[in-house]
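These notes concern the structure reproduced below.
Since every read-out is calculated from the coordinates, none of them should be taken as a lab result. Quick caveat, the model's predicted, so the values are computed rather than measured.
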Amino acid sequence: MNKKNIVFIALVVCLKIAFSQQMVRGTVYESELGEKLKDVTIMVDGTDICSTTDSAGTYKITVPGEKSYLVFIKNDFDKLYVKVRRNYEINVVMASTIPPVRDVDVGYGSQRSTEVTGAVSNIGGGGFRPRSYVESTKKIKLK
């Protein structure tokens, strides 16, 4: 082989590698309220390529090819795998692993969380026992 053939083959390989990578961007949402999630880790499965969502829930990551899988990871949410294919924008919705709060304990009873809109301030004195009060300096002198 001469030098021209080697240079040509090297150029073709470099171009194939350069064009097989693609930039993917998108937004990550939470399933319950549809809010954008920040600090979600996005990894290309089987590689050390990773990114995170910003405060607006958006991300961008370069993947090696359309056969890659993106893995979305956040504490208290189910891990999510998405195949890239030929998508340049991938928006996902992550499901929380924490069950929603339906009842709230309020003092000696309970109410639905939708019924509690402010501070609960009804406190009766019937549940308190009177106690005698002795100053700490008197206790010291007594001993």
Long-range amide H partners of Asn91 with built H, under 5 Å: Thr27
From the backbone phi of segment 53-62, what are the Karplus-calculated ³J(HN,Hα) couplings (6.51 cos²θ - 1.76 cosθ + 1.60, θ = phi - 60°) in whole Hz, Gly and Pro given as x? 7, 8, 5, 8, x, 9, 8, 8, 8, 9
